[in-house]
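The values are calculated or read from the model by the stated rules, or taken from the named source; none is laboratory data. Please read these numbers as outputs of a predicted model, since none were measured by experiment. FYI the Cβ positions are ideal-geometry reconstructions off the backbone, even for glycines, and counts take in every protein chain you see. Surface areas here come from the heavy atoms of the whole protein model, side chains and all, with no ligands, DNA or RNA. Shrake-Rupley method; radii C 1.70, N 1.55, O 1.52, S 1.80 Å.
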Amino acid sequence: MKKVSNILSMALVAGTLASTTQVAVASPEQDREVFVQYFEKRFPNVAEGDWINGVYSILPEARAQWEAMEEFPPYELDIEEGEELYNAPFATTGDIREGEGLFNKKFANGKSFSDCFPEPGVRAEYPYWDKERSEVVTLEQAINECRVSNGEKAWKWNKGPIAKVSAFMSYESRGQIINVEVPEDDPKALEAFELGKEFYFSKRGQLNFSCADCHMSGSGLKARAETLSPSLGHTSHWPVYRSKWQELGTLHRRYGGCNANIRAAKLKPQGEEYSALEYYLSYMSNGLEYNGPGSRK
Amino acid sequence: MIKQILIGMSLLTAASTAMAGDIEEGKQIAYDRKKGNCLTCHMMDDGQQTGNFGPPLIAMKARYPEFEKLRAQIFDPTVRNPNTSMPPFGRHGILTEEEIDKVTKYVHSL
(Lines give C-alpha, C1' and ligand atoms only; values in the text may rest on other atoms or scores of the structure.)
Protein backbone atom coordinates (compact mmCIF):
# COMPACT_ATOMS: atom_id res chain seq x y z
CA MET A 1 0.00 0.00 0.00
CA LYS A 2 2.80 2.32 0.93
CA LYS A 3 4.44 1.61 -2.36
CA VAL A 4 1.25 2.45 -4.23
CA SER A 5 0.89 5.74 -2.42
CA ASN A 6 4.54 6.52 -3.13
CA ILE A 7 3.97 5.86 -6.79
CA LEU A 8 0.85 7.96 -6.65
CA SER A 9 2.56 10.87 -5.02
CA MET A 10 5.45 10.59 -7.43
CA ALA A 11 3.00 10.61 -10.28
CA LEU A 12 1.30 13.63 -8.76
CA VAL A 13 4.58 15.47 -8.39
CA ALA A 14 5.55 14.50 -11.93
CA GLY A 15 2.16 15.59 -13.14
CA THR A 16 2.42 18.89 -11.35
CA LEU A 17 5.88 19.45 -12.73
CA ALA A 18 4.81 18.50 -16.20
CA SER A 19 1.81 20.78 -16.13
CA THR A 20 3.85 23.62 -14.63
CA THR A 21 6.46 23.20 -17.31
CA GLN A 22 3.76 23.04 -19.90
CA VAL A 23 2.23 26.29 -18.71
CA ALA A 24 5.61 27.95 -18.77
CA VAL A 25 6.45 26.82 -22.28
CA ALA A 26 2.98 26.93 -23.83
CA SER A 27 3.23 28.91 -27.01
CA PRO A 28 0.80 31.77 -27.63
CA GLU A 29 -0.83 29.55 -30.23
CA GLN A 30 -1.37 26.75 -27.68
CA ASP A 31 -2.77 29.31 -25.27
CA ARG A 32 -5.14 30.52 -27.93
CA GLU A 33 -6.39 27.04 -28.76
CA VAL A 34 -7.18 26.33 -25.10
CA PHE A 35 -8.84 29.74 -24.76
CA VAL A 36 -11.04 29.24 -27.82
CA GLN A 37 -11.96 25.69 -26.82
CA TYR A 38 -13.00 26.89 -23.39
CA PHE A 39 -15.55 29.30 -24.82
CA GLU A 40 -16.71 26.93 -27.56
CA LYS A 41 -17.41 24.31 -24.94
CA ARG A 42 -19.10 26.77 -22.61
CA PHE A 43 -21.30 28.24 -25.35
CA PRO A 44 -21.77 25.49 -27.96
CA ASN A 45 -24.54 27.38 -29.77
CA VAL A 46 -22.51 30.40 -30.85
CA ALA A 47 -22.13 30.45 -34.63
CA GLU A 48 -18.63 30.43 -36.05
CA GLY A 49 -17.04 33.86 -35.88
CA ASP A 50 -19.97 35.38 -33.98
CA TRP A 51 -17.89 36.06 -30.85
CA ILE A 52 -17.16 39.52 -32.20
CA ASN A 53 -20.70 40.51 -31.23
CA GLY A 54 -19.80 40.20 -27.59
CA VAL A 55 -22.54 39.47 -25.11
CA TYR A 56 -25.08 39.37 -27.94
CA SER A 57 -23.40 36.25 -29.29
CA ILE A 58 -24.66 34.42 -26.19
CA LEU A 59 -27.81 36.42 -25.48
CA PRO A 60 -30.31 35.89 -28.31
CA GLU A 61 -33.11 37.59 -26.37
CA ALA A 62 -31.25 40.90 -26.29
CA ARG A 63 -29.86 40.62 -29.79
CA ALA A 64 -32.80 41.87 -31.85
CA GLN A 65 -32.91 45.13 -29.93
CA TRP A 66 -29.18 45.60 -30.33
CA GLU A 67 -29.30 44.89 -34.04
CA ALA A 68 -32.06 47.47 -34.40
CA MET A 69 -29.79 49.98 -32.66
CA GLU A 70 -26.93 49.12 -35.01
CA GLU A 71 -29.13 49.88 -38.02
CA PHE A 72 -29.05 53.54 -37.05
CA PRO A 73 -25.87 53.40 -35.02
CA PRO A 74 -25.31 56.00 -32.31
CA TYR A 75 -21.70 56.36 -33.48
CA GLU A 76 -22.59 57.35 -37.04
CA LEU A 77 -21.81 61.04 -36.60
CA ASP A 78 -18.61 60.15 -34.77
CA ILE A 79 -17.40 58.25 -37.81
CA GLU A 80 -18.12 61.27 -40.01
CA GLU A 81 -16.33 63.59 -37.62
CA GLY A 82 -13.50 61.09 -37.43
CA GLU A 83 -13.21 61.15 -41.19
CA GLU A 84 -13.06 64.94 -41.22
CA LEU A 85 -10.40 64.90 -38.54
CA TYR A 86 -8.50 62.23 -40.43
CA ASN A 87 -8.42 64.27 -43.62
CA ALA A 88 -7.98 67.71 -42.13
CA PRO A 89 -4.59 69.34 -42.58
CA PHE A 90 -3.06 69.49 -39.12
CA ALA A 91 -3.16 73.31 -39.11
CA THR A 92 -6.91 73.36 -39.00
CA THR A 93 -7.54 70.89 -36.24
CA GLY A 94 -7.41 73.73 -33.81
CA ASP A 95 -6.54 72.65 -30.28
CA ILE A 96 -2.83 73.28 -30.60
CA ARG A 97 -0.24 76.01 -30.90
CA GLU A 98 -0.15 76.53 -27.20
CA GLY A 99 2.76 76.31 -24.87
CA GLU A 100 6.26 77.59 -25.30
CA GLY A 101 7.73 74.35 -26.48
CA LEU A 102 5.58 74.41 -29.55
CA PHE A 103 6.35 77.98 -30.38
CA ASN A 104 8.68 77.13 -33.19
CA LYS A 105 6.08 74.94 -34.76
CA LYS A 106 3.63 77.72 -34.78
CA PHE A 107 2.94 77.33 -38.44
CA ALA A 108 1.21 74.33 -39.74
CA ASN A 109 3.09 71.89 -41.85
CA GLY A 110 -0.06 71.16 -43.78
CA LYS A 111 0.23 67.41 -43.37
CA SER A 112 -2.54 65.12 -42.18
CA PHE A 113 -3.05 61.55 -40.97
CA SER A 114 -2.83 60.34 -44.53
CA ASP A 115 0.86 61.19 -44.40
CA CYS A 116 1.32 58.69 -41.55
CA PHE A 117 -1.00 55.93 -42.69
CA PRO A 118 -1.13 54.54 -46.22
CA GLU A 119 -4.92 54.42 -45.91
CA PRO A 120 -7.39 54.69 -43.05
CA GLY A 121 -8.28 50.99 -43.13
CA VAL A 122 -5.26 49.66 -41.24
CA ARG A 123 -7.00 48.35 -38.12
CA ALA A 124 -5.65 44.82 -38.55
CA GLU A 125 -2.06 46.07 -38.39
CA TYR A 126 -2.56 46.95 -34.72
CA PRO A 127 -1.72 46.09 -32.04
CA TYR A 128 1.72 44.89 -33.06
CA TRP A 129 5.06 44.27 -31.41
CA ASP A 130 7.55 46.91 -32.45
CA LYS A 131 10.94 45.29 -32.24
CA GLU A 132 13.03 48.41 -32.51
CA ARG A 133 11.09 50.22 -29.83
CA SER A 134 10.59 47.03 -27.86
CA GLU A 135 6.95 47.73 -27.08
CA VAL A 136 3.40 47.01 -28.14
CA VAL A 137 1.99 49.70 -30.43
CA THR A 138 -1.78 50.14 -30.50
CA LEU A 139 -3.86 51.98 -33.10
CA GLU A 140 -4.60 54.83 -30.71
CA GLN A 141 -0.92 55.14 -29.93
CA ALA A 142 -0.11 55.36 -33.65
CA ILE A 143 -2.77 58.04 -34.10
CA ASN A 144 -1.30 60.23 -31.39
CA GLU A 145 2.26 59.60 -32.50
CA CYS A 146 1.30 60.83 -35.93
CA ARG A 147 0.02 64.04 -34.38
CA VAL A 148 3.02 64.56 -32.16
CA SER A 149 5.50 63.89 -34.96
CA ASN A 150 3.73 66.61 -36.93
CA GLY A 151 3.98 69.12 -34.14
CA GLU A 152 0.46 68.66 -32.83
CA LYS A 153 -0.46 68.08 -29.21
CA ALA A 154 -1.36 64.50 -28.34
CA TRP A 155 -5.06 63.95 -27.80
CA LYS A 156 -6.36 62.56 -24.52
CA TRP A 157 -6.51 58.80 -24.74
CA ASN A 158 -9.95 57.74 -23.59
CA LYS A 159 -12.53 59.63 -25.62
CA GLY A 160 -13.16 62.58 -27.90
CA PRO A 161 -11.28 63.11 -31.16
CA ILE A 162 -8.95 60.10 -30.73
CA ALA A 163 -11.95 57.81 -30.39
CA LYS A 164 -13.56 59.39 -33.43
CA VAL A 165 -10.53 58.97 -35.66
CA SER A 166 -10.12 55.42 -34.35
CA ALA A 167 -13.82 54.81 -35.10
CA PHE A 168 -13.43 56.07 -38.66
CA MET A 169 -10.33 53.93 -39.22
CA SER A 170 -12.02 50.88 -37.69
CA TYR A 171 -15.08 51.43 -39.82
CA GLU A 172 -12.90 51.54 -42.92
CA SER A 173 -11.33 48.27 -41.75
CA ARG A 174 -14.46 46.26 -41.07
CA GLY A 175 -14.09 42.68 -42.14
CA GLN A 176 -10.33 42.56 -41.72
CA ILE A 177 -9.12 39.54 -39.81
CA ILE A 178 -7.48 39.84 -36.42
CA ASN A 179 -4.01 38.46 -36.87
CA VAL A 180 -1.71 39.51 -34.07
CA GLU A 181 1.79 38.11 -34.13
CA VAL A 182 4.19 37.40 -31.32
CA PRO A 183 7.48 37.34 -33.21
CA GLU A 184 9.52 34.34 -32.14
CA ASP A 185 12.83 36.03 -32.80
CA ASP A 186 12.28 38.54 -30.03
CA PRO A 187 11.81 37.16 -26.50
CA LYS A 188 10.59 40.59 -25.39
CA ALA A 189 7.50 40.13 -27.52
CA LEU A 190 6.64 36.93 -25.67
CA GLU A 191 7.28 38.77 -22.40
CA ALA A 192 4.69 41.39 -23.36
CA PHE A 193 2.24 38.64 -24.31
CA GLU A 194 2.86 36.88 -20.98
CA LEU A 195 2.45 40.16 -19.11
CA GLY A 196 -0.97 40.58 -20.73
CA LYS A 197 -1.88 37.00 -19.88
CA GLU A 198 -0.78 37.43 -16.28
CA PHE A 199 -2.79 40.62 -16.02
CA TYR A 200 -5.86 38.85 -17.39
CA PHE A 201 -5.71 36.05 -14.81
CA SER A 202 -4.53 38.04 -11.77
CA LYS A 203 -6.92 39.03 -9.05
CA ARG A 204 -6.82 42.70 -8.17
CA GLY A 205 -8.62 45.44 -6.34
CA GLN A 206 -10.46 45.44 -3.06
CA LEU A 207 -13.12 43.18 -4.59
CA ASN A 208 -10.40 40.75 -5.70
CA PHE A 209 -11.54 39.99 -9.25
CA SER A 210 -9.45 38.99 -12.22
CA CYS A 211 -10.60 39.72 -15.78
CA ALA A 212 -11.05 35.96 -16.14
CA ASP A 213 -13.30 35.71 -13.06
CA CYS A 214 -16.01 37.68 -14.85
CA HIS A 215 -15.28 37.20 -18.54
CA MET A 216 -14.11 33.59 -18.61
CA SER A 217 -15.38 31.49 -15.70
CA GLY A 218 -18.20 33.99 -15.08
CA SER A 219 -19.13 34.62 -18.71
CA GLY A 220 -22.82 34.12 -19.39
CA LEU A 221 -23.70 34.54 -15.73
CA LYS A 222 -25.42 37.61 -14.40
CA ALA A 223 -24.23 40.38 -12.13
CA ARG A 224 -27.56 41.96 -11.24
CA ALA A 225 -29.33 42.16 -14.61
CA GLU A 226 -26.13 42.30 -16.70
CA THR A 227 -24.90 39.20 -18.46
CA LEU A 228 -21.12 39.02 -18.38
CA SER A 229 -19.62 38.91 -21.85
CA PRO A 230 -17.14 36.26 -23.02
CA SER A 231 -13.58 37.48 -23.62
CA LEU A 232 -13.26 35.76 -26.95
CA GLY A 233 -13.83 38.54 -29.49
CA HIS A 234 -13.56 41.25 -26.82
CA THR A 235 -11.15 43.42 -28.80
CA SER A 236 -12.86 43.23 -32.20
CA HIS A 237 -15.36 46.07 -32.00
CA TRP A 238 -13.68 49.16 -30.54
CA PRO A 239 -14.09 52.03 -30.03
CA VAL A 240 -17.55 51.54 -28.57
CA TYR A 241 -20.47 53.92 -28.18
CA ARG A 242 -21.65 52.91 -24.75
CA SER A 243 -25.14 54.00 -23.72
CA LYS A 244 -23.88 54.41 -20.17
CA TRP A 245 -21.25 56.88 -21.43
CA GLN A 246 -23.52 58.54 -23.97
CA GLU A 247 -20.47 58.78 -26.20
CA LEU A 248 -17.64 56.85 -27.79
CA GLY A 249 -14.81 55.51 -25.72
CA THR A 250 -11.66 53.53 -26.37
CA LEU A 251 -10.85 50.01 -25.23
CA HIS A 252 -8.44 51.29 -22.60
CA ARG A 253 -11.15 53.55 -21.21
CA ARG A 254 -13.22 50.42 -20.69
CA TYR A 255 -10.31 48.65 -19.02
CA GLY A 256 -10.09 51.58 -16.60
CA GLY A 257 -13.83 51.33 -15.91
CA CYS A 258 -13.56 47.60 -15.25
CA ASN A 259 -10.71 48.18 -12.83
CA ALA A 260 -12.69 50.90 -11.05
CA ASN A 261 -15.68 48.53 -10.73
CA ILE A 262 -13.58 46.05 -8.81
CA ARG A 263 -12.11 48.89 -6.74
CA ALA A 264 -8.67 48.56 -8.24
CA ALA A 265 -6.54 51.48 -9.33
CA LYS A 266 -7.26 52.60 -12.87
CA LEU A 267 -4.04 52.20 -14.78
CA LYS A 268 -2.73 54.60 -17.39
CA PRO A 269 -4.45 54.22 -20.77
CA GLN A 270 -1.84 53.09 -23.30
CA GLY A 271 0.48 52.21 -20.45
CA GLU A 272 2.46 48.97 -20.48
CA GLU A 273 -0.16 46.85 -18.69
CA TYR A 274 -3.24 47.80 -20.69
CA SER A 275 -1.35 47.63 -23.97
CA ALA A 276 -0.07 44.17 -23.01
CA LEU A 277 -3.63 43.14 -22.13
CA GLU A 278 -4.86 44.38 -25.50
CA TYR A 279 -2.01 42.50 -27.18
CA TYR A 280 -2.83 39.24 -25.36
CA LEU A 281 -6.60 39.45 -25.81
CA SER A 282 -6.30 40.44 -29.47
CA TYR A 283 -4.07 37.43 -30.03
CA MET A 284 -6.68 35.21 -28.32
CA SER A 285 -9.19 36.50 -30.91
CA ASN A 286 -6.96 35.82 -33.90
CA GLY A 287 -8.96 34.66 -36.89
CA LEU A 288 -12.06 36.66 -35.98
CA GLU A 289 -13.15 39.77 -37.88
CA TYR A 290 -12.72 43.35 -36.85
CA ASN A 291 -16.21 44.89 -36.69
CA GLY A 292 -15.70 48.21 -34.93
CA PRO A 293 -16.91 50.64 -33.99
CA GLY A 294 -19.67 49.06 -31.95
CA SER A 295 -22.47 50.00 -29.63
CA ARG A 296 -23.18 48.55 -26.23
CA LYS A 297 -25.55 49.21 -23.38
CA MET B 1 -37.05 33.46 43.10
CA ILE B 2 -39.87 34.94 41.00
CA LYS B 3 -37.88 38.13 40.76
CA GLN B 4 -34.89 36.18 39.47
CA ILE B 5 -37.01 34.42 36.83
CA LEU B 6 -38.45 37.73 35.74
CA ILE B 7 -34.97 39.22 35.40
CA GLY B 8 -33.86 36.14 33.50
CA MET B 9 -36.81 36.37 31.15
CA SER B 10 -36.29 40.03 30.44
CA LEU B 11 -32.62 39.34 29.72
CA LEU B 12 -33.65 36.63 27.25
CA THR B 13 -36.13 38.99 25.61
CA ALA B 14 -33.47 41.67 25.40
CA ALA B 15 -31.09 39.16 23.83
CA SER B 16 -33.56 38.04 21.18
CA THR B 17 -34.52 41.65 20.45
CA ALA B 18 -30.85 42.43 19.98
CA MET B 19 -30.51 39.39 17.72
CA ALA B 20 -33.49 40.48 15.61
CA GLY B 21 -32.00 43.97 15.40
CA ASP B 22 -28.66 42.54 14.23
CA ILE B 23 -30.35 40.40 11.61
CA GLU B 24 -32.25 43.40 10.26
CA GLU B 25 -29.10 45.53 10.22
CA GLY B 26 -27.24 42.66 8.60
CA LYS B 27 -29.83 42.58 5.85
CA GLN B 28 -29.40 46.29 5.22
CA ILE B 29 -25.63 45.91 5.02
CA ALA B 30 -26.00 42.90 2.72
CA TYR B 31 -28.32 44.78 0.36
CA ASP B 32 -26.38 48.07 0.40
CA ARG B 33 -24.58 48.43 -2.94
CA LYS B 34 -21.67 50.17 -1.25
CA LYS B 35 -21.36 47.53 1.47
CA GLY B 36 -22.10 43.85 0.98
CA ASN B 37 -23.85 44.28 -2.37
CA CYS B 38 -24.67 40.56 -2.12
CA LEU B 39 -27.61 40.80 -4.55
CA THR B 40 -25.26 41.47 -7.44
CA CYS B 41 -24.35 37.79 -7.37
CA HIS B 42 -26.79 35.97 -5.08
CA MET B 43 -30.51 35.34 -5.14
CA MET B 44 -31.61 35.72 -1.55
CA ASP B 45 -34.63 36.48 0.56
CA ASP B 46 -36.83 39.19 -0.99
CA GLY B 47 -33.98 40.83 -2.92
CA GLN B 48 -34.88 42.26 -6.34
CA GLN B 49 -32.78 42.27 -9.51
CA THR B 50 -30.44 39.64 -8.24
CA GLY B 51 -27.60 38.11 -10.23
CA ASN B 52 -26.69 34.44 -10.49
CA PHE B 53 -22.91 34.71 -10.39
CA GLY B 54 -23.00 32.94 -7.02
CA PRO B 55 -25.37 30.29 -5.66
CA PRO B 56 -28.78 31.20 -4.20
CA LEU B 57 -28.57 31.73 -0.46
CA ILE B 58 -31.20 29.40 0.94
CA ALA B 59 -31.26 26.76 3.68
CA MET B 60 -28.15 28.31 5.12
CA LYS B 61 -28.36 26.57 8.50
CA ALA B 62 -28.39 23.23 6.71
CA ARG B 63 -25.45 24.22 4.56
CA TYR B 64 -23.54 25.85 7.41
CA PRO B 65 -24.59 24.25 10.70
CA GLU B 66 -21.69 26.09 12.31
CA PHE B 67 -22.09 29.86 12.43
CA GLU B 68 -18.34 30.37 12.57
CA LYS B 69 -17.76 28.50 9.33
CA LEU B 70 -20.22 30.72 7.52
CA ARG B 71 -18.59 33.77 9.04
CA ALA B 72 -15.17 32.58 7.91
CA GLN B 73 -16.54 32.03 4.41
CA ILE B 74 -17.79 35.61 4.24
CA PHE B 75 -14.62 36.95 5.86
CA ASP B 76 -12.33 35.30 3.32
CA PRO B 77 -13.72 32.68 0.91
CA THR B 78 -10.34 32.36 -0.81
CA VAL B 79 -9.14 30.27 2.15
CA ARG B 80 -11.36 27.41 1.05
CA ASN B 81 -11.11 28.11 -2.67
CA PRO B 82 -8.34 30.38 -3.96
CA ASN B 83 -10.07 30.67 -7.32
CA THR B 84 -13.43 31.79 -6.02
CA SER B 85 -14.82 35.01 -7.46
CA MET B 86 -16.35 35.99 -4.13
CA PRO B 87 -14.63 39.01 -2.58
CA PRO B 88 -12.83 38.54 0.76
CA PHE B 89 -15.07 40.91 2.69
CA GLY B 90 -13.06 40.81 5.91
CA ARG B 91 -9.52 40.32 4.67
CA HIS B 92 -9.83 43.23 2.24
CA GLY B 93 -11.67 45.46 4.70
CA ILE B 94 -14.78 45.73 2.54
CA LEU B 95 -16.84 45.28 5.71
CA THR B 96 -15.83 45.76 9.35
CA GLU B 97 -15.72 42.88 11.84
CA GLU B 98 -18.97 44.11 13.35
CA GLU B 99 -20.65 44.37 9.96
CA ILE B 100 -19.55 40.85 9.10
CA ASP B 101 -21.03 39.59 12.39
CA LYS B 102 -24.38 41.14 11.47
CA VAL B 103 -24.34 39.99 7.85
CA THR B 104 -23.48 36.48 8.99
CA LYS B 105 -26.39 36.49 11.43
CA TYR B 106 -28.70 37.60 8.63
CA VAL B 107 -27.42 35.10 6.05
CA HIS B 108 -27.51 32.31 8.63
CA SER B 109 -31.19 33.07 9.17
CA LEU B 110 -32.06 32.42 5.52
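A few notes on this one:
- Inter-chain neighbour count for B:86-99: the average number of beta-carbon atoms from partner chains within 10 Å of each residue's beta-carbon is 2.
- For segment B:22-109, with +1 on Lys and Arg beta carbons and -1 on Asp and Glu, the positive-most of B:GLN48, B:ASN37, B:ASN83 along the dipole: B:ASN83
- The rule of thumb for compact globular proteins, 2.2 N^0.38 Å, goes into the C-alpha radius of gyration of the protein assembly as shown 1.24 times.
- Extension gain, A:ALA260 back to A:ALA64 (0.36 nm per residue minus Cα-Cα distance, nm): 67.5 nm
- Kirkwood hydrodynamic radius computed over segment A:173-297 comes to 15.2 Å, based on all pairs of distinct alpha carbons.
- Computed over chain A, the per-residue total of -39500 (n - 2.57) for DSSP H runs of n ≥ 4 gives a 222 nm mean residue ellipticity of -14000 deg cm²/dmol, rounded to 500.
- Share, in percent, of DSSP beta bridges within the protein assembly as shown that are antiparallel, nearest 5: 70 percent
- Prolate/oblate/rounded call for segment B:70-110, Cα gyration tensor, a/c under 1.5 rounded: oblate
- Cys with no candidate disulfide partner in chain A (beta-carbon separation under 4.7 Å rule): A:CYS211, A:CYS214, A:CYS258
- Net charge over other residues, Cβ less than 11 angstrom from the Cβ of A:TYR280 (K, R count +1; D, E count -1): -3
- Put a dot 7 Å past the Cα of B:LYS34, heading toward its Cβ, do the same for A:GLN37, and the two dots end up 4.7 nm apart.
- A simple spin-label model places pseudo-atoms 7 Å from Cα toward Cβ; at A:ASN109 and A:ILE177 they are separated by 3.6 nm.
- Rounded to the nearest whole Hz, the Karplus-based 3J(HN,Hα) values (6.51 cos²θ - 1.76 cosθ + 1.60, θ = phi - 60°) of segment B:53-69 follow the sequence 4, x, x, x, 9, 9, 6, 5, 5, 6, 6, 10, x, 8, 3, 5, 5, with x at glycine and proline.
- About the Cα centre, charge dipole magnitude for the protein assembly as shown (Lys/Arg +1, Asp/Glu -1 at Cβ), debye: 1880 debye
- Radius of gyration and maximum dimension Dmax of segment A:96-250, Cα, Å: 18.5, 56
- A viscosity of 1.306 mPa s and a temperature of 10 °C, combined with the Kirkwood radius over Cα pairs in Stokes-Einstein, give a translational diffusion coefficient for segment B:22-109 of 124 µm²/s.
- Peptides B:93-102, A:60-69 ranked from most to least packed by the mean count of surrounding Cβ atoms within 10 Å: B:93-102, A:60-69.
- Ordering of B:76-83, A:289-296 by packing [mean C-beta count within 10 Å, highest first]: A:289-296, B:76-83
- Amide H to amide H distances under 5 Å link B:MET43 with B:LEU57, where only residues 5 or more positions off or on other chains count and H is placed in the peptide plane.
- Percentage relative contact order, chain A, counting C-alpha pairs under 8 Å, at least six apart: 24 percent
- The mean number of Cβ atoms from other chains found within 10 Å of a Cβ in peptide B:48-54 is 5, as a whole number.
- Between helix A:139-149 and chain A there is an angle of about 40 degrees, using the helix long axis and the longest principal axis of the Cα atoms.
- Accessible surface area normalised per residue over the protein assembly as shown is 54 Å², counting heavy atoms of protein chains with a 1.4 Å rolling probe.
- Sorting B:ARG63, A:ARG32 on solvent-accessible area from highest to lowest, probe radius 1.4 Å, gives B:ARG63, A:ARG32.
- Take A:TRP157: with every protein chain present and a 1.4 Å probe, its accessible area is about 70 Å².
- For A:LYS111, the aspartates and glutamates whose Cα comes closer than 13 Å to its Cα, not counting residues fewer than 8 places off in the same chain, are A:GLU152.
- A:ARG224 paired with B:GLN49, simple spin-label distance in nm, labels 7 Å along Cα-to-beta-carbon: 0.5 nm
- Residue-level accessible surface for A:HIS252, protein heavy atoms, 1.4 Å, Å²: 10 Å²
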